[in-house]
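A short write-up of the structure that comes next.
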Amino acid sequence: MDVVRMRNEAATFSAFAFGRSVGTVILRIVLVIGARLGEMTTSAYSLLEAPVPKQTLVHVHAGAEELGRVYRPALPINSGYPQFVDALQTLSFSNEVWKEQTAAARKDYLDWTTEPLPIPGKLQYGQIIRWLSDKLPEDTIIAGGAGNFASWLHRHFRYKGFRTQLGPTNGSMGYGYPAAVAAKLAAPSRNVVAFCGDGDFLMNGQEIATAMQYGAAFVALVVNNGLYGTIRMHQEREYPGRVFATDLKNPDFAAYARAFGAHGETVERTEDFAPAFERAAASGKPALIELKIDPDAITPGTTLSAIREKALKSKQ
């Protein structure tokens, strides 16, 4: 792998080490490049023991304050990520078994990110993410909000360069749309795409007025499943069938956008997305595409009904 690809995929490696199994290989050494070892990256602190993990932890981070903040690494390295990856190029890895295992792990990860699993309904959201990943210019700025809708983005969109991702590090909803407005105004020559959930968008959707006023012409995707999906998922997992205050009575999001003078469309089938996106991008105006997905499609790998069924069985 060349240096540029290693730089761009350094953070991906850490996500793989924590989020994916490697066949029958037991991870004895965990190399984390650039990730903060907080709640999200460690699956609510369940993947590593604190304060001293059983695995040998090598943690590379540009901020010295992050090293040892939660987990005590065997080897803390305070370094910039490109510089660290450059230094790796001087090492020679001659262990053939290690090479085979890492090649298999790499292939498993690429398959996991590249091939979206089918979800309920006519609109396959993962395929849309892959289409965008393949078609958008490499310097496109992606601004994502917080919610389960973003898990498809993080799994299936491949970032090609630095300074192309905006996201709420504290997991706050309502971030994606106003962040995209700011990005487009700061970098008007670059493509910008906002990813928003329905509940997420309704927290700051009025910022379409700002986009119109200042001519921030970018495309926003509003993933509409009629739910506060993350909270519903937790409800079904912990209290199956006992849901409360997570259904949403949504507006017609495309009509909402048009009411501000923006370009608005609704997409309910996968095959209709590409032409809708091309029309939105060519409109020369702030644009919104509402994606209607089945509410049972709650993550890239499972459904609400499957979560509920598993929870009910565990409580029998």
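Does Glu207 meet the test of being assigned by TED's automatic domain parsing to the domain that holds Asp296, of a type in the set (D, E, K, R) and surrounded by fewer than 19 Cβ atoms within 10 Å (Cβ to Cβ)? Steps first, answer last, please.
On the way: assigned by TED's automatic domain parsing to the domain that holds Asp296: yes; of a type in the set (D, E, K, R): yes; surrounded by fewer than 19 Cβ atoms within 10 Å (Cβ to Cβ): no.
No, not satisfied.
When Ala245 is tested against (1) on the phi > 0 side of the Ramachandran plot; (2) in contact (Cβ under 8 Å) with a residue 40 or more places away in the chain, exactly one condition is not met: (2).
When segment 85-112 is filtered for residues that are part of a helix (DSSP H, G or I) and either in contact with an Asp or Glu (Cβ under 9 Å, 6 or more places away or on another chain) or without any contact (Cβ under 8 Å) to a residue 60 or more places away in the chain (or both), the ones remaining, listed by number, are Ala87, Glu96, Val97, Trp98, Lys99, Glu100, Thr102, Ala103, Arg106, Lys107, Leu110, Asp111.
Here Gly284, Gly241 are screened, and the one residue that is in a loop (DSSP other than H, G, I, E, B), at pLDDT below 95 and of a type outside the set (Ser, Thr, Tyr) is Gly241.
Against the test of being surrounded by 12 or more Cβ atoms within 10 Å (Cβ to Cβ) and of a type outside the set (S, T, N, Q), the options Leu91, Leu57 yield a single qualifying residue, Leu57.
Screening Tyr175 with (1) buried (at least 20 other Cβ atoms within 10 Å of the Cβ); (2) touching a helix residue (DSSP H, G or I) at 6+ places or on another chain (Cβ under 6 Å) gives one miss only, at (2). Given the condition touching a Gly at 6+ places or on another chain (Cβ under 8 Å), in a loop (DSSP other than H, G, I, E, B), aliphatic (A, V, I, L, M) and modelled with pLDDT of 95 or more, answer yes or no: does some residue in segment 118-140 qualify? Yes, the conditions are met somewhere in segment 118-140.
Among the residues making up segment 147-163, a single one is crowded, with 19+ Cβ neighbours inside 10 Å, part of a loop (DSSP other than H, G, I, E, B) and free of Cβ contacts under 8 Å to residues at least 60 places away in the same chain: Phe157. Test Lys313 against the criterion of being of a type outside the set (Asp, Glu) and at pLDDT below 95, and give yes or no. Answer is yes for this residue.
The values are calculated or read from the model by the stated rules, or taken from the named source; none is laboratory data. Fair warning: this is a prediction, and the values are worked out from it, not measured in the lab. No Cβ is skipped: glycine too gets one built from the backbone with ideal geometry, and neighbour counts run over all protein chains shown.
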